[in-house]
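Worksheet: one structure, shown below.
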Protein chains: 4
Amino acid sequence: MPLPPEFHELAKKVNNWGRWGPDDERGTLNLITDDVVRRAAGCIRSGRRFSLAIPLGEDGPMMGNVPGRPSNPKRTMLSLHLAMAKDPESIRFSDDQVFMPLQAATHWDSLAHVSYMGKIYNGFAEGSVDENGASRCGIDKVGSLVSRGVLLDVARARGVSHLEGGYAITPSDLDAALTAAGTDVGAGDIVLVRTGFIQLFLSGARAQYGASNMPGLGTECALWFHERDVAAVATDTLAFEVWPLERKDVLFPVHLLDLVEMGMLQGQNFNLEELSASCAEDGVYAFFLSATPEPFVRGLGGPVAPVAIK
Amino acid sequence: MPLPPEFHELAKKVNNWGRWGPDDERGTLNLITDDVVRRAAGCIRSGRRFSLAIPLGEDGPMMGNVPGRPSNPKRTMLSLHLAMAKDPESIRFSDDQVFMPLQAATHWDSLAHVSYMGKIYNGFAEGSVDENGASRCGIDKVGSLVSRGVLLDVARARGVSHLEGGYAITPSDLDAALTAAGTDVGAGDIVLVRTGFIQLFLSGARAQYGASNMPGLGTECALWFHERDVAAVATDTLAFEVWPLERKDVLFPVHLLDLVEMGMLQGQNFNLEELSASCAEDGVYAFFLSATPEPFVRGLGGPVAPVAIK
Amino acid sequence: MPLPPEFHELAKKVNNWGRWGPDDERGTLNLITDDVVRRAAGCIRSGRRFSLAIPLGEDGPMMGNVPGRPSNPKRTMLSLHLAMAKDPESIRFSDDQVFMPLQAATHWDSLAHVSYMGKIYNGFAEGSVDENGASRCGIDKVGSLVSRGVLLDVARARGVSHLEGGYAITPSDLDAALTAAGTDVGAGDIVLVRTGFIQLFLSGARAQYGASNMPGLGTECALWFHERDVAAVATDTLAFEVWPLERKDVLFPVHLLDLVEMGMLQGQNFNLEELSASCAEDGVYAFFLSATPEPFVRGLGGPVAPVAIK
Amino acid sequence: MPLPPEFHELAKKVNNWGRWGPDDERGTLNLITDDVVRRAAGCIRSGRRFSLAIPLGEDGPMMGNVPGRPSNPKRTMLSLHLAMAKDPESIRFSDDQVFMPLQAATHWDSLAHVSYMGKIYNGFAEGSVDENGASRCGIDKVGSLVSRGVLLDVARARGVSHLEGGYAITPSDLDAALTAAGTDVGAGDIVLVRTGFIQLFLSGARAQYGASNMPGLGTECALWFHERDVAAVATDTLAFEVWPLERKDVLFPVHLLDLVEMGMLQGQNFNLEELSASCAEDGVYAFFLSATPEPFVRGLGGPVAPVAIK
């Protein structure tokens, strides 16, 4: 079953291939200019910081049922109180190592994470991703990732603690959340879309968070981000887009539009709860956001420990 | 052979145990207040960003000869062009995972990384670190880590491209570099000490960088940092302190003073080359620094992708 | 689409649930009695040994495209020439570690590897396999695995160097190979079915071996094995059963019949080439086979280094 | 401090360098001829089998304190009840992967595991082992490993349930155990030396088993094995040789003599308890032993699931 024509039309509207040259591997991150960062710095007023990463450990959101993201980080000791000399007063070292899917916890998808019709972003061949990883558009091509961040608190705007599983966020939802935020979204901004769904994970309902219906972005949102030249979008869910899917004849349309057509990074499992409470309290929904992924060479995704600063 | 009395005297001078309460697990990071961060934001003038992380891959600096840091990150595919449906136009997913020592590349040591005389920072028992990791002072206790950064370019101040292996940086070196920088170092700042030695790694001389004599901080520098209430220090070397050691009767004195006595994070393998060139060019050695480690639960160290912003 | 009635009929014919009690987790391995092993020892005449394992390394057959078996073993050093004393004459140690899918190379599937209609072998609930592994029928329940082995060299019996991708082996093929072998197959025997397809892997055509059409056992073979009370079956292919599948309305029927219904271990990626040449030369197709899997606690599969002895 | 002359004399006596040619990488395994295996098969009388492997799991004997063997195997799911089709009756797959030091549990040391004075077995340069592993004498050079096994039950011969930590087994102990066994030890045999110490591990006293004084082979035993042309030796301890060491001026003499000088594989963490009980009961201490290690390419050691058959 081929993709429906209306999907192709939407794809064409948001397509950024060639916009930053035929060799570009960073997509909408090109929109984060020095000017954008300088203005973002103006959002730092109190110096208050918000960590948006979930802890990396065996109690993470992975339940073994998502192909490609089967397990949570496992950390083991490499040395434990290792003495360098027999002297009982001497220094002892403890070191550890980890084993984890790169997309197990708070992370950015690289632009090479998905393909369709033989292509990834900017028209690079699907085959540029092989068993050695992504030779094009890997997470190591991102470089630094800091910009102005804007929280679109869709859950709060809709008056619920969290959106229900299966709820597809619409452009109207984004408009309403933006109005409630009392700010704007412009070129190079990073948008954080809050569903509140990560409360399930934080409260221990791991299986409900990670292995069932979840709210998320709907197909039309891609155009909303494209029209505003957003640099990157992150959510507080595992799948980024809504699950179950909106229609049966297009699988993961948001992934296709964001990653392949627009070349826009998607972030997942961002913990927006504390930030949301602060924004609701002070009415300020724009902030400085520092969210550089770990530069895994040829990585399909990268863990990130994002910090919002107001 | 017990530790010499002069070491114990120095240890006493820099000791911060109890300073932030008996349960404190963050040490000098407590010095990074909202005010400090707000002032740090004032360092962002052009919006120019500098990535300080080295790539995470099999060509990293680990040569197999450091107990506890034996190997470089190994990344493998979890799925490659995995189709969710038979439709040839349908989306295909590629995901990966990694296996790495937490201190293999650009990282922060946690305060639990070393112990001596049965204790880690703040007097917590060495036994609080066991085969399950660090129940006290793990890297997950750091939270966000952003502040004002100051580059002390010791190599440049000494007129060399890089310090020689075995060179122990002295407080005078730090003074000279600070004078050359034309700025000050104050409470809550993060100091980046440049030796230039990472050029060896960047130019492909991995074995020379990672498995031989290296320049680094000398014992007396701990007091210099303590007197200025520095929040954290990072270098562009693998071992942080000088190797071979300055004296045979104290093993890794800098680690003991910084991590155990002061409770001050140490960063290693920070690539300061591009930042150094910029500072030399514009004469500005202070900047906003975002360097939050990945929050591995009970981790003895944490990878970080630091970004300096001017 | 429910499974077709003829599949259910066949399933009923080969079903062994309850045959060795309601708590049995070893299935047809129960058929390997002391007597069977004693008779197997009688097959050792010359003392010549044949290793049937493929090497465990990064050049293994995994191409990243099989969910659940995404990558080849990655081995890294844990210590390299680690000296325990400064004495230059002193001992130095080198150690390593590995990171691998348990079914990456030569292995046995555990009986818990697949389920359908909510059950694994012996009627245990599918839920007995969870994110902690297989609490029932894990590979650690196998214990020792030695018996008489019989090579059914289907490729040779059909006069080809290897069967073509997509070729489904039939009971007639097994009969013909057994006739050519000039022996019998009885209770407790382990049958090795040779397709010759592993020649592709051995000659470097990894992608053709691991990621395309492959020959393998057809559905009806399950009954053939059941009627003879075979204890376990292994092949020289990656998927064990034929690919593409014989019919669209039953996915992986051989896995369902062997593992779930019969409780019979399946072995994959056994290198039968040298053994095949020997059997063709001396006309003796029965031998002693030692093939105990590594006892991973709750493992879904287990690597094995099988040895045939004539 | 150079090695004492008496050590060098002993080393010369047991040295096998060049005995099987200048390129030999298998050492005393060359002594296992077809004849030896054929005779070994004669030891199979009842068909009774004994598994000698300990389970591979997180409760293994590693306590984090042995450099190079820091942790126990960690297994995680790669897929859990993964459906290949939406049909609720359809097959579901579960797969897993593991992350483990190769010498974490029951294993053979490869001949490349240790070096001294710049050499490994057969005079190959120490540098033949590098960060890519052992290009010479790796565990992948072992091939099949089956032979006649003889249990020397030193604990039982000494009338104790297990030898005490620190007890160094002497040639007289081996003689006494052999006399009690009522058999002989000849060329190509594999000797299993029982201390009973693994009872500590089996009873849950992991720390006592893995991180403290342990009984083991003393230096002079190497000559005893050499004189009888033993092919390989395994024990039921973590370190193989006694700990603490017999003398301060030679570190790990048994490792040096066995692995480097003789080229004889050492096995560790073999569970000999059930086998010991059987031998005591029927008075038969010789058996067929199948103990082929997993063939990790360039591996410094290899897990093994040994089976003794009587």
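Remarks
- C:Ser79 vs. criteria small (Gly, Ala, Ser), facing chain D (nearest Cβ under 9 Å), surrounded by 23 or more Cβ atoms within 10 Å (Cβ to Cβ) and closer than 30 Å to C:Asp23 by Cβ: no
Condition check ((1) within 14 Å of another protein chain (Cβ to nearest Cβ); (2) crowded, with 21+ Cβ neighbours inside 10 Å; (3) at pLDDT 95 or above; (4) part of a helix (DSSP H, G or I)) across all residues:
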{"position": "C:Trp224", "(1), (2), (3), (4)": "no, yes, yes, yes"}
{"position": "C:Asp229", "(1), (2), (3), (4)": "no, no, yes, no"}
{"position": "C:Gln266", "(1), (2), (3), (4)": "yes, yes, yes, no"}
{"position": "C:Leu275", "(1), (2), (3), (4)": "yes, yes, yes, yes"}
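- Residues of the range D:204-221 that are out of contact with any Phe, Trp or Tyr (no Cβ under 9 Å at 6 or more places or on another chain) and open to solvent by 10 Å² or more (accessible area, probe 1.4 Å): D:Gly204, D:Ala205, D:Arg206, D:Ala207, D:Ala211, D:Glu220.
- Lone qualifier among C:Ala112, C:Ala105, C:Ala85 - being at the interface with chain D (Cβ under 7 Å from one of its Cβ atoms), in a loop (DSSP other than H, G, I, E, B) and open to solvent by less than 10 Å² (accessible area, probe 1.4 Å): C:Ala112
- Selected residue (only one of A:Gly196, A:Gly204, A:Gly188 is in contact with a His (Cβ under 8 Å, 6 or more places away or on another chain), assigned to a loop (DSSP other than H, G, I, E, B) and at positive phi): A:Gly196
- Within the range C:40-68, the set of residues being touching a strand residue (DSSP E or B) at 6+ places or on another chain (Cβ under 6 Å), open to solvent by less than 20 Å² (accessible area, probe 1.4 Å) and without any contact (Cβ under 8 Å) to a residue 60 or more places away in the chain comprises C:Gly64, C:Gly68.
- Candidates in the range B:279-297 are the residues that are more than 7 Å from every other protein chain (Cβ to nearest Cβ) and not in a strand (DSSP E or B); of these, the one that is most open to solvent (accessible area, probe 1.4 Å) is B:Glu281.
- Filtered residues of the range B:16-38 (kept if of a type in the set (Asp, Glu) and not in a loop (DSSP other than H, G, I, E, B)): B:Asp34, B:Asp35
- Test: C:Ser90 is at pLDDT below 95, more than 18 Å from the chain's Cα centre (by Cα) and over 29 Å from D:Gly143 (Cβ atoms): yes
- Taken over the range A:21-39, the residue count meeting the criterion of being more than 8 Å from chain B (Cβ to nearest Cβ) and either open to solvent by less than 20 Å² (accessible area, probe 1.4 Å) or over 17 Å from A:Ser144 (Cβ atoms) (or both) is 8.
- Hey, A:Gly302 within 14 Å of another protein chain (Cβ to nearest Cβ) and in contact with a Ser or Thr (Cβ under 9 Å, 6 or more places away or on another chain) or not: yes
- Selection from the range A:46-72 of residues that are more than 17 Å from the chain's Cα centre (by Cα), in a loop (DSSP other than H, G, I, E, B), of a type outside the set (Gly, Ala, Ser) and at the interface with another protein chain (Cβ under 7 Å from one of its Cβ atoms): A:Arg48, A:Met63, A:Asn65, A:Pro67, A:Pro70
- Test: residue in the range A:152-166 that is within 18 Å of A:Val254 (Cα to Cα), open to solvent by 20 Å² or more (accessible area, probe 1.4 Å) and away from chain B (no Cβ under 14 Å): yes
- Checking B:Arg69, B:Arg136, B:Arg92 one by one, the residue that is basic (Lys, Arg) and in contact with a Pro (Cβ under 6 Å, 6 or more places away or on another chain) is B:Arg69 and no other.
The values are calculated or read from the model by the stated rules, or taken from the named source; none is laboratory data. Model, not experiment: these values are computed from the prediction. Here Cβ is always computed from backbone atoms with ideal geometry, including for glycine, and neighbour counts include all displayed protein chains. Surface areas here come from the heavy atoms of the whole protein model, side chains and all, with no ligands, DNA or RNA. Shrake-Rupley method; radii C 1.70, N 1.55, O 1.52, S 1.80 Å.
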